[in-house]
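Trainee: Take a look at the following structure, please.
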Amino acid sequence: MSWTRRIVNLFRQRRLNRELDEEMASHIEEAIERGRDPEEARRAFGSTLSHREQSRDIKLVSWLDSLISDAVFGWRQLRKRPAVSAAAILSLALAIGATTAAFRLINAVLISTLPVAEPDRLFVAAMTYVDRDGHADYRDDFDYPSFLRYRERVGDRADLIVAGMVESRKTVVVSSATEEETAYLQYVSGNLFPAFGLRPALGRLLTPDDDRIPGGHPVAILSYDYWTRRFGRASSVIGSTFRMGNDLFTIVGVAPKGFIGTEPGSIADLFLPATMNVEPLDKPGWSWFRLWVHPKVGVSPEQVRQPMQAAFAREHHEYLRNFPSDTPKPVIDAYLREKVILLPAASGASELQREYRRPLLILAALVVLVLLIACANVGNLLTAQATARAREMALRVAIGAGQWRLIQLVLVESLLMAAVASALGTLFASWSAPIVVAMLHVPEDPVRLVLHSGWRDVAFAAGLAFLVTLLFGLAPAFRASSVKPMHALKGGEDPHARRRLMRVLLAGQMAFCILVQFVAGLFVSTFQHLSNRPLGFSPYHLLTIYADASKSRPPQFWMEVAHRLRATPGVESVATAGWPLLERSTWRVSVRLPGHPVELRSPWALDVSPGYFRTMRIGLIDGREFRLGDLPPRLDDAKHPLPGVGIVNEAFARTYFDGQNPVGRLVHVLREKDISAPMEIIGYVRDAVYRDLREPMQATLYVPSMERETNAFMVRTVGDELAVAPMLKRAVTNFRWDVRLHDIQPQSNFLRWQMLRERLLAVLSVFFAVVALLLAAVGLYGVLNYSVTWQRHEIGIRIALGARPDQVVQRVMAGLAGTVSFGLVLGLAAGILCGRFIETLLFEVRITDTSSVATPILILLGTALVAAIPPAIRAVRIDPAQTLRSE
């Protein structure tokens, strides 16, 4: 019989059974018609049941038939025990959902490849260096002059591609609209689309000819998503224009569907030629893009890197001539050890990847622990349920069922449970993953991730369901298949083996649970530590505003703008600075002090206006703030020295003056090699965080405002800072039409952005800790409840003989205290090891604090006590007479 016919018969088994019964009946009737005695004919024919089963094996796919039968039986078993089944399925669904959500995030950020040709042959260039704390690190941003030099050296070996960082909320005006709107744009070189093997969805893409003349080709490419969302996929968009600043761009094409840029976490709406970003093109050191490398066929990455490294080393040695003659040797050695590296970039390259790679992997590890707890929990529940099915399994063995047949029966039931849990978990993941993404950004700088379901998600869900089935179903399956019929049918099954298995699973649950609690406690402590860290200034009721002028303006011009802002109702004070604190921008200056050894770390510097410290509420210890007379007319002109006055913080005084009051002292600020300008310290202020909330207070030198085309305003308000933002924009527009305000946001947003990683880890780890506690409580309850059931007869006798309730409870709990304690010790040891890994590589937390160790232990012991109360109450309420009668 053909396989097709045999498979079809699986879905018409009632009819097949009826046909087989009719066929066998016809054989017996035929024998009777030939004169044989009916009884003799039936006896000679044999067992009709045996013949029917043999015929079914021929007409059906036997192994598939047995799977279907086991699935039907397993579903009935799940419905037969709704409470236990619901508890097991919900436990698994929560763990599977969390695991799936974590995978979707990791896949979107770290795994999913760019939709381009040969993504495995894409690399991003980076430069290694040693940071201020002496740790090896790398940076992957380059300036345009370096790109031109590298392209000249390796142009015959690889395509070098410029891909600027995606700029958010760049103000544009579309020709068909009357109001400003925002979009996300990315400057790219003209060879990006050809090198990536991309074809336009409409019109054309950028070519190298669009990227030859600075400012010469104001054309733009729309992303497919933006074209769909903003223009409804209208083909008439080709040839339309939009204005960005003073430039008018023409839309010439639409990028292919799926390509949203090169940065996971950012989605570009517009792609512009790199040469249209005119201002930084000829400025060495102005880094604004990543340098992508696409080796040509037959060329290895190392063959591309070597000439780049040679050019890099030559530039380094040439620049070394500009180092002051008294530069410490460790600084020079570290500088000369820097090199160019090529990083695989099949999945793109972004700051989000660098910032959240390790936190995402740590969260994934926590999710796996929760999944293991859930599997151990369900394994315990199934093991407890197996007690009631011991006689059933014994009967199956007695009538001929083999060991693998019983294993299949239990595993199919487990697979059904895992399948239902996976379906519910997938729904939970589809809801929770976007929530986690929403936690990764502040409103002014949103993280935009593509979380669509692809083949990886489907394969992961299927693989996870299979793995979960093995994890929690394999041990009960082997236990059920090893039953001894005679022993079990007589009621003599050895329960100690089941108890040992359950206690092993319980110890694993306790170990995993205390590990999750411990790590969650570290993350919460870290978040609290950062939240309560003194900033040195007040970030509340403080608005930060960037202002652009049509050209570079002296500080006096910006003071006039600040005066206009200060006159706005609701404004308390206004000051300017090169950038807001905690904005991650930096500027370092080399300072020399006669008789003081040269410091390995140069101090931070920031140019600020008069009134800055009062506006920021940074305490003035001694001296004075800057005055208008301290502002030189053109501070970037080589004819003028650096300003002759400066203000320093406490860390500066500790570094250069042994903590003494530095007001009135002189320091020398290096302007060129071995050429310095004297600077008098006129003010001494409190420490304030500069760049990173996680860094210790750094030595900082404040200088008077400098000439700038873009400046930052610090606006201290009386009430809600965002409420005065529209009035501030109108005030500036009415005063100067050529000054544009943008990126208006509270200073507290920078604080939130700095703490996003810690907030994410703290919130999610607490959630996982609560889930782990609930699962551990259910597991402990199941083991204790099984213990009471197994010892019911013995407990009844003890109560009849006069045992007190405390003695009954002690008997029930015997052995479990050691199991729980062993799990606690094991999990705590693992937690300390993991804590040291996190402390060394990620966070500044102390795992040796008593609270770090004691808190998770107390929480878990309290949960265990609560879970033990119902079984203990059940044990002391056992009726001896009823128990003995039932036995």
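The values are calculated or read from the model by the stated rules, or taken from the named source; none is laboratory data. Keep in mind the model is a prediction, meaning the values are calculated, not measured. Counting neighbours? That spans all protein chains shown, and the Cβs are built from the backbone with ideal geometry, glycine included. These accessible areas exclude ligands, DNA and RNA; they are computed on the full protein's heavy atoms, side chains included. Shrake-Rupley method; radii C 1.70, N 1.55, O 1.52, S 1.80 Å.
Trainee: In the stretch 316-342, what residues are open to solvent by 70 Å² or more (accessible area, probe 1.4 Å) and free of Cβ contacts under 8 Å to residues at least 60 places away in the same chain?
Mentor: Answer for the stretch 316-342, where residues must be open to solvent by 70 Å² or more (accessible area, probe 1.4 Å) and free of Cβ contacts under 8 Å to residues at least 60 places away in the same chain: His317, Glu318, Tyr319, Lys329, Leu336.
Trainee: In the stretch 541-619, which strands (runs of 3 or more DSSP E) lie fully inside it and hold 2 or more residues that are within 19 Å of Val732 (Cα to Cα)?
Mentor: It comes to 542-553, 571-577.
Trainee: What number of residues within the stretch 90-114 satisfy the criterion of being farther than 12 Å from Ala421 by Cβ and over 13 Å from the mean Cα position of the chain (by Cα)?
Mentor: Here the count works out to 3.
Trainee: Separate question: Does Pro610 fit the bill of being closer than 30 Å to Leu722 by Cα, touching a Ser or Thr at 6+ places or on another chain (Cβ under 6 Å) and either outside the structural domain of Ala688 (by TED's automatic domain parsing) or surrounded by 14 or more Cβ atoms within 10 Å (Cβ to Cβ) (or both)?
Mentor: So Pro610 fails the test.
Trainee: Considering only residues that are at pLDDT 85 or above and β-branched (Val, Ile, Thr), look in the stretch 587-619 and name the one that is nearest to Val718 (Cα to Cα).
Mentor: Among residues in the stretch 587-619 that are at pLDDT 85 or above and β-branched (Val, Ile, Thr), the one nearest to Val718 (Cα to Cα) is Thr615.
Trainee: On to the next question. Filter the stretch 718-733 down to the residues that are closer than 25 Å to Arg553 by Cβ, surrounded by fewer than 22 Cβ atoms within 10 Å (Cβ to Cβ) and touching a helix residue (DSSP H, G or I) at 6+ places or on another chain (Cβ under 9 Å) and list them by number.
Mentor: Ala731, Val732
Trainee: Might you let me know whether the stretch 815-825 holds any residue that is at pLDDT 75 or above, out of contact with any Asp or Glu (no Cβ under 7 Å at 6 or more places or on another chain), open to solvent by 80 Å² or more (accessible area, probe 1.4 Å) and farther than 13 Å from Pro871 by Cβ?
Mentor: yes
Okay, residues lined up against (1) open to solvent by less than 70 Å² (accessible area, probe 1.4 Å); (2) out of contact with any Asp or Glu (no Cβ under 8 Å at 6 or more places or on another chain); (3) modelled with pLDDT of 85 or more; (4) not assigned by TED's automatic domain parsing to the domain that holds Met244:
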{"position": "Gly164", "(1), (2), (3), (4)": "yes, yes, yes, no"}
{"position": "Glu167", "(1), (2), (3), (4)": "yes, yes, no, no"}
{"position": "Thr171", "(1), (2), (3), (4)": "yes, no, no, no"}
{"position": "Thr178", "(1), (2), (3), (4)": "no, yes, no, no"}
{"position": "Tyr184", "(1), (2), (3), (4)": "yes, no, yes, no"}
{"position": "Asn191", "(1), (2), (3), (4)": "yes, no, yes, no"}
{"position": "Phe196", "(1), (2), (3), (4)": "yes, yes, yes, no"}
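Trainee: Of the numbered conditions (1) touching a Phe, Trp or Tyr at 6+ places or on another chain (Cβ under 6 Å); (2) surrounded by fewer than 20 Cβ atoms within 10 Å (Cβ to Cβ); (3) under 21 Å from Glu118 (Cα atoms), Leu291 fails exactly one; give the number of that condition.
Mentor: (2)
Trainee: Of the numbered conditions (1) touching a His at 6+ places or on another chain (Cβ under 8 Å); (2) closer than 17 Å to Gly611 by Cα, Asp548 satisfies every one except a single condition; which is it?
Mentor: Here Asp548 meets the rest and fails (2).
Here's the yes/no breakdown for (1) closer than 30 Å to Pro805 by Cβ; (2) in a helix (DSSP H, G or I); (3) modelled with pLDDT of 75 or more:
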site: Ala829; (1), (2), (3): no, yes, yes
site: Thr848; (1), (2), (3): no, no, no
site: Thr863; (1), (2), (3): yes, yes, yes
site: Ala872; (1), (2), (3): yes, yes, yes
site: Thr883; (1), (2), (3): yes, yes, no
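Trainee: Now a separate question. So which strands (runs of 3 or more DSSP E) stay within the stretch 645-703 end to end and still have 1 or more residues that are buried (at least 22 other Cβ atoms within 10 Å of the Cβ) and modelled with pLDDT of 95 or more?
Mentor: Values: elements: 645-649, 666-672, 675-685.
Correct list: 645-649, 675-685.
Trainee: Applying the selection to the stretch 144-163, what residues are charged (D, E, K, R) and either in contact with a His (Cβ under 6 Å, 6 or more places away or on another chain) or in a helix (DSSP H, G or I) (or both)?
Mentor: Once the filter is applied, which keeps residues that are charged (D, E, K, R) and either in contact with a His (Cβ under 6 Å, 6 or more places away or on another chain) or in a helix (DSSP H, G or I) (or both), the stretch 144-163 yields Arg149, Arg151, Glu152, Arg153, Asp159.
Trainee: Any residue in the stretch 110-129 that is within 30 Å of Ala313 (Cβ to Cβ) and in contact (Cβ under 8 Å) with a residue 12 or more places away in the chain sitting within a Cβ distance under 9 Å of a residue that is among the basic types (Lys, Arg) and assigned to a helix (DSSP H, G or I)? List the pairs, counting only those 6 or more apart or interchain.
Mentor: That search, which allows pairs on different chains as well, returns Phe123/Arg305; Ala125/Arg305.
Trainee: What pairs come up if the first residue lies in the stretch 134-161 and is over 16 Å from Ala349 (Cα atoms) and at pLDDT 90 or above, the second is basic (Lys, Arg) and in a loop (DSSP other than H, G, I, E, B), and their beta carbons are under 6 Å apart, counting only those six or more places apart or on different chains?
Mentor: Ala158/Lys296
Trainee: Kindly establish whether Ile744 is more than 30 Å from Arg584 (Cα to Cα), open to solvent by 10 Å² or more (accessible area, probe 1.4 Å) and touching a Leu at 6+ places or on another chain (Cβ under 8 Å).
Mentor: When the stated conditions are applied, Ile744 does not pass them.
Trainee: Given the criterion under 18 Å from Pro870 (Cα atoms), in a helix (DSSP H, G or I) and of a type outside the set (Phe, Trp, Tyr), identify the matching residue among Val771, Val778, Val763. So that I can check it myself, show each step before the final result.
Mentor: On the way: Val771 fails: under 18 Å from Pro870 (Cα atoms); Val763 fails: under 18 Å from Pro870 (Cα atoms).
Every option except Val778 fails the conditions.
Trainee: Regarding the stretch 328-335, can at least one residue be identified that is modelled with pLDDT under 70 and over 37 Å from the mean Cα position of the chain (by Cα)?
Mentor: No, because not a single residue in the stretch 328-335 is modelled with pLDDT under 70 and over 37 Å from the mean Cα position of the chain (by Cα).
Trainee: Need pairs with beta-carbon distance below 7 Å; first residue over 24 Å from Ser765 (Cβ atoms) and within the stretch 83-105, second aromatic (Phe, Trp, Tyr) and at pLDDT 85 or above; sequence gap 6+ or separate chains.
Mentor: Close Cβ pairs (under 7 Å, with a partner that is aromatic (Phe, Trp, Tyr) and at pLDDT 85 or above) do not exist here.
Trainee: Would you check which residues across the stretch 540-556 are surrounded by 20 or more Cβ atoms within 10 Å (Cβ to Cβ) and of a type outside the set (Val, Ile, Thr) and list them?
Mentor: Result: Leu542, Leu543, Ala547, Arg553, Pro555.
Trainee: Let me ask another. Which of the following residues is at pLDDT 85 or above, surrounded by 15 or more Cβ atoms within 10 Å (Cβ to Cβ) and touching a Lys or Arg at 6+ places or on another chain (Cβ under 9 Å): Ala364, Ala345, Ala384, Ala313?
Mentor: Unique residue meeting the criteria: Ala345.
Trainee: Suppose we filter the stretch 793-807 for residues that are farther than 19 Å from Arg503 by Cβ, open to solvent by 10 Å² or more (accessible area, probe 1.4 Å) and either in contact with a strand residue (DSSP E or B) (Cβ under 6 Å, 6 or more places away or on another chain) or in a helix (DSSP H, G or I) (or both); how many remain?
Mentor: Of the residues in that region, 8 qualify.
Trainee: Another question, then. In this structure, is Val788 more than 15 Å from the chain's Cα centre (by Cα), buried (at least 22 other Cβ atoms within 10 Å of the Cβ) and under 21 Å from Gln810 (Cα atoms)?
Mentor: Answer is no for this residue.
Trainee: Is there any pair linking a residue in the stretch 649-661 that is in the same structural domain as Tyr702 (by TED's automatic domain parsing) and in contact (Cβ under 8 Å) with a residue 24 or more places away in the chain to one that is among the charged types (D, E, K, R) and open to solvent by 10 Å² or more (accessible area, probe 1.4 Å), with Cβ under 6 Å and at least six apart or on different chains, and which?
Mentor: Matching pairs, first to second residue: Asn649/Asp687; Glu650/Asp687; Ala651/Asp687; Asn661/Asp622.
Trainee: Just checking, which of Leu635, Leu565, Leu582, Leu628 is in contact with a helix residue (DSSP H, G or I) (Cβ under 8 Å, 6 or more places away or on another chain), at pLDDT below 90 and open to solvent by less than 30 Å² (accessible area, probe 1.4 Å)?
Mentor: Step by step, each of Leu635, Leu565, Leu582, Leu628 is checked, and only Leu635 is in contact with a helix residue (DSSP H, G or I) (Cβ under 8 Å, 6 or more places away or on another chain), at pLDDT below 90 and open to solvent by less than 30 Å² (accessible area, probe 1.4 Å).
Trainee: Give just the number: which of (1) exposed (fewer than 13 other Cβ atoms within 10 Å of the Cβ); (2) under 22 Å from Ala101 (Cβ atoms); (3) of a type in the set (Asp, Glu) does Glu355 not satisfy?
Mentor: (1)
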